[in-house]
Amino acid sequence: MRKRLVIGNWKLHGSLSENAQLVQDLITDLKVLSSENQPQVAICPPFVYLSSLAQLLESTPLSLGAQDAFEQEKGAFTGEVSASMLAEFNVKYVLVGHSERRTLFGDTDQRVAAKFEAVKKQGLIPVLCIGETLQQRESNQTQDVIIAQLQSVVDVVGAEALATSVIAYEPIWAIGTGKTATTQQAQQVHALIRNWLTERVGEKALTTQILYGGSVKPDNAAELFTQPDIDGGLIGGASLEAESFLAICYS
Ligand code: PEP
């Protein structure tokens, strides 16, 4: 019922020439698969590359995403980019609340919820990133942290808006560290998220794509993706190379 979705988060990587090569390699491979087996695949490059990539990706199976969006549409907010601006570049997905935004740039739950709302308002698909720190996991706070992060978005946009978006569970201790949550640890949190949503929107929660992120590689993707509530992945490091990203997409 739910299609697999794999999103590459390029973070602060890329150049015009590297992007052209990587995207060419991805498109060539994605095109040879029948649409029936085709996972949904997207890449989130840095903002400055959206314009050129929007052209390269036109009429291809590869979708474009952005790594963030500011909550205001216009104004004196130096350095920011709004969701309405992203909408002009064929952007489909927008990450909100990535842990690097939360920890390095001070995005609070409130700001994440406002960003989520702004993205949704433009008809784009927010990818809400949530996850606990190692210390929170070790002190048995994972469930409370996850629910608080979901609740702060639902307080602003409502549960239906969240259920019709994408959620990425990314334990902070697993991002870029080479440590992956075990399939059981990941599935447990994914099931918690889906059950929590089901209590609020009923069967609609069965259609919500919930991605796992945190050091996903070709050698651990298949096992993670076989879990009943894991619908794909948000991939950082391994999305910068066509071979590893495609291997994950087709795991
Ligand atoms: C991420 O950036 O969301 C991520 C999961 O990174 P990595 O795959 O490198 O851990």
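The values are calculated or read from the model by the stated rules, or taken from the named source; none is laboratory data. Small disclaimer: the values here were computed from a predicted structure and weren't measured. When we count neighbours, we look across all protein chains shown, and the Cβ atoms used for this are built from the backbone with ideal geometry, even at glycine. What goes into the accessible areas is simple: the full protein's heavy atoms, side chains included, and nothing from ligands, DNA or RNA. Shrake-Rupley method; radii C 1.70, N 1.55, O 1.52, S 1.80 Å.
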Pull out all pairs, ordered by first then second residue, where Cβ-Cβ is under 9 Å, the residues are six or more apart or on different chains, the first lies in the range 130-143 and is of a type in the set (G, A, S), and the second is crowded, with 19+ Cβ neighbours inside 10 Å and not in a helix (DSSP H, G or I). G131/A168; G131/Y169; G131/E170; G131/P171; G131/I175; G131/G213; G131/G214
Going by what's in this entry, would S52 be described as part of a strand (DSSP E or B), at pLDDT 95 or above and polar (S, T, N, Q)? no
Which of the residues spanning the range 217-251 are closer than 11 Å to V41 by Cβ, open to solvent by 10 Å² or more (accessible area, probe 1.4 Å) and part of a helix (DSSP H, G or I)? L246
Residue hits (the range 102-146; modelled with pLDDT of 95 or more, charged (D, E, K, R) and open to solvent by 80 Å² or more (accessible area, probe 1.4 Å)) are R111, E117, K121, D144
Determine if the range 111-124 includes at least one residue that is in contact with a Lys or Arg (Cβ under 7 Å, 6 or more places away or on another chain), more than 21 Å from T226 (Cα to Cα), more than 16 Å from the ligand (Cβ to nearest atom) and not in a helix (DSSP H, G or I). yes
Can you tell me which residue is nearest to the ligand (Cβ to nearest atom) among those in the range 84-104 that are part of a strand (DSSP E or B) and under 16 Å from P45 (Cβ atoms)? L95
Identify, please: which residue in the range 195-216 is open to solvent by less than 10 Å² (accessible area, probe 1.4 Å) and more than 22 Å from W173 (Cβ to Cβ) and is, among those, nearest to the ligand (Cβ to nearest atom)? T208
Quick check, is T60 in a loop (DSSP other than H, G, I, E, B) and touching a helix residue (DSSP H, G or I) at 6+ places or on another chain (Cβ under 6 Å)? yes
Pick out the one residue from G97, G75, G14 that is at positive phi and without any contact (Cβ under 8 Å) to a residue 12 or more places away in the chain. G75
The residue from A181, A163, A191, A186 that alone is free of Cβ contacts under 8 Å to residues at least 40 places away in the same chain and open to solvent by less than 10 Å² (accessible area, probe 1.4 Å) is A181
Does at least one position in the range 208-231 carry a residue that is more than 21 Å from S63 (Cα to Cα), aliphatic (A, V, I, L, M) and at pLDDT below 95? no
Would you point out which residue out of D68, D25 is assigned to a loop (DSSP other than H, G, I, E, B) and open to solvent by less than 80 Å² (accessible area, probe 1.4 Å)? D68
